[in-house]
Amino acid sequence: MEYAAQQIINALSFGAEYALLALGLAIVFSVMGLVNFAHGEVIAVGGYTMVAFAALVTENPWIIIFGAVAAATLTSVALERVAFRPVRYADPTTGLLTAFGVSIVLQNLFLLFISPRPIAVTSLYFLDAPVTLFGIQISSLQIFESITIFVVIIGLVLFLQRTTLGLAMRAASLDFEMVRLTGIRADRVFALAFLISGLLAGLACIFIMARRGSVDPHFGFNPVLKAFVACVVGGFGSLPGAVLGGFLLGAIEVGMLVMLPQEYGGLKDAFVFGIIALVLVWRPDGILSPATEKGDKL
Amino acid sequence: MTLTRGQKRGVVGACMLAAILIGIGVLATYFASRYQLRLIYSAYVNLIVVLGLQVFMGNSRLTNLSHSAFMGIGAYAAAICVTPVAMKQIALPDAPWGLNAFALDPVMSAVVALVITGVIAFLVGIFIVRMTGTGATIATLAILVIVHSIFLYRTDIFKGNQALFGIPQVFSLTSIVILAVIVVFIVRGFRESAWGVMLRASADDETGSAAMGVNVVRLRLIAWVLSGLVLGCAGIAYAYFLGTISARPFYFNHVFLTLAMLIFGGMRTVTGAVLGTFAISFGLEVIRWLETGPVIIGIDLPEVLGLSGVMLGLVIVLTMALRPVGVMGDREIEELVLRNK
């Protein structure tokens, strides 16, 4: 019983991390139809900022955390200005390949100007303390993660439902031309989507850093790979889908770790992706995909 | 058999490309050093990969990121079949199912490898072709990861990141040039065939072409399997020349590289695939030379590792921003050379 509860909490915290990342991808995708491959590098920028802050400025973890989130947010907005503006109204494949290119450039810039080797940051380990809750041993990190995703979801829902810009963003996912005709500036909507995406990447970065404790050029790659899969499973462009996909992926991953015999441990990813493929056979566009109207193509 | 005008032009265009490929091959044979020969050989292997990629991506406009995995499957299947028993006993002492107790001649091995690649491509393709745009792309990414983790995990069959050695060297530069020419004809032939035309139409307007009776899913599957077979050929050629393979080359770096080649030249045409491959292959060699920090007109340049990666990414980003259809766009070689009729 305790073991089961523990695994469920593990699944929840993994799921929360994937959901954070998947939301960051989905919010950009829903507004401009861009599959942002460079999201992982935004996370890596957050990680490197931590390194720089810890080494040069201060050891105070709260300042480090703030710095990382701010850096990730700024990077995301800057990428929109520099790289994604020219492909704003292009077809999805063009945007996807651009993001792919940006991702490669950033990864190699890290390699070139920082270091190909991992750099350690130890100042966040305090987040990962063991806690006993109702007789179950869990890590405080897992609690923080679950709370964060909860707060983020509530915040996003409030923002999207209650504010004019939120309304514009929701409308943008349906018909961008109409949004512009109502006098909302397109630049602002795009910048905001990337800002939120970067903010989520920064938050995710903290949790990943607290767990791993070091950053290297390919830091964001694997988590974002999982987040892509979460997005696809949930339905690309659907925010609830991204959250659902993230938690589903977390559950499958922990389930695989628990149920697979030890000697198949190396095949975990293959099994996880295989199960995801089967979900996609059932719903090729993801579980909560927004309805596409193919008839009104001009 | 009567050919349509497009098909006749296709034959002319394929012959022109073939002449260029053979020309480069002949020049290389006479003037290149041993080291340069290897580079040119790998450029031809990449050319076949890019052509295989073009068959699916160029005609259906779905992005495929799993191509290196299929190349790997072809390479491993051929390598395991063709390696002599004595060598395999050393290289793969623990291989199951008697994999290390038989050996086939190169032609049979290639056939077996193609059948295996084709069957796997077909089974995977059934899933892929049903999905739309982005979902399909990420699903192909998942395939790449799955195949790679199997290569890494089953070290008793694939040796993982270690080298699987002892593969006899069957291919030379001449054989790869001949193979590349054949593949150019196949790929261009598919583009101009009724299937290729219908598939391209469905990429332009899925609903419209479906209303005209085009079975989009079936055509995509055909292109996907053909693409898998061409990639299998590339893998076989890779293994047959190098004599040793490992899982590492069939992963993301190679995916980036070949994708950049296709995008730069223009994925919609076969000419674009050829142009992109050679432009980037030779361009990268220059950058790699700069990476090592050479001395140019008296200035000692610093060593800059990662420069080639930055350039590769920039090529993709700039192509997408300035000319998303690639250098060639919708034009094939014969449309540049011949007058427009």
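The values are calculated or read from the model by the stated rules, or taken from the named source; none is laboratory data. None of these values were measured; they are calculated from a predicted model. Using ideal geometry, Cβ is built from the backbone for each residue, glycine included, and neighbour counts are taken over all protein chains shown.
Descriptive notes on the structure:
- Filter result for B:Val270 (under 15 Å from the mean Cα position of the chain (by Cα) and modelled with pLDDT under 85): yes
- Which listed residue is at pLDDT below 80 and within 10 Å of chain A (Cβ to nearest Cβ), from B:Leu301, B:Leu259, B:Leu318, B:Leu305: B:Leu305
- Top-ranked residue in the range A:79-91 [being among the hydrophobic types (A, V, I, L, M, F, W, C) and more than 7 Å from every other protein chain (Cβ to nearest Cβ); ranked as surrounded by the fewest Cβ atoms within 10 Å (Cβ to Cβ)]: A:Val82
- For the range B:25-38, residues that are touching a residue at least 24 places away in the same chain (Cβ under 8 Å) and surrounded by fewer than 18 Cβ atoms within 10 Å (Cβ to Cβ) total 2.
- Residue ranges of helices (runs of 4 or more DSSP H) in the range A:101-188 with at least 2 members hydrophobic (A, V, I, L, M, F, W, C) and touching a residue at least 24 places away in the same chain (Cβ under 8 Å): A:140-162, A:164-172
- Taken across the range B:52-72, residues that are more than 29 Å from B:Ile222 (Cβ to Cβ) and either in a helix (DSSP H, G or I) or in contact with an Asp or Glu (Cβ under 9 Å, 6 or more places away or on another chain) (or both) do not occur at all.
- Taking the listed residues A:Thr73, A:Thr94, A:Thr122, the one that is of a type outside the set (A, V, I, L, M), surrounded by fewer than 24 Cβ atoms within 10 Å (Cβ to Cβ) and either at the interface with another protein chain (Cβ under 7 Å from one of its Cβ atoms) or under 23 Å from B:Met57 (Cβ atoms) (or both) is A:Thr94, with no other qualifying.
- Applying a threshold of 6 Å to beta carbon distances and a minimum spacing of six or more residues, or different chains, the list of pairs starting in the range B:196-214 at a residue that is more than 10 Å from every other protein chain (Cβ to nearest Cβ) and ending at one that is among the β-branched types (Val, Ile, Thr) and part of a helix (DSSP H, G or I) reads B:Ser202/B:Val216.
- Where A:Phe100 falls short, out of the listed (1) more than 25 Å from A:Ile143 (Cβ to Cβ); (2) surrounded by fewer than 24 Cβ atoms within 10 Å (Cβ to Cβ): (2)
- Condition met for A:Gly245 (of a type outside the set (A, V, I, L, M, F, W, C), under 19 Å from A:Met32 (Cα atoms) and within 14 Å of the chain's Cα centre (by Cα)): no
Yes or no, residue by residue, for (1) hydroxyl-bearing (Ser, Thr, Tyr); (2) more than 30 Å from B:Ala260 (Cα to Cα):
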position: A:Leu106; (1), (2): no, no
position: A:Phe113; (1), (2): no, no
position: A:Ala129; (1), (2): no, yes
position: A:Ser140; (1), (2): yes, yes
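- Exclusive hit being touching a residue at least 12 places away in the same chain (Cβ under 8 Å), crowded, with 24+ Cβ neighbours inside 10 Å and of a type outside the set (D, E, K, R), set A:Ala22, A:Ala11: A:Ala22
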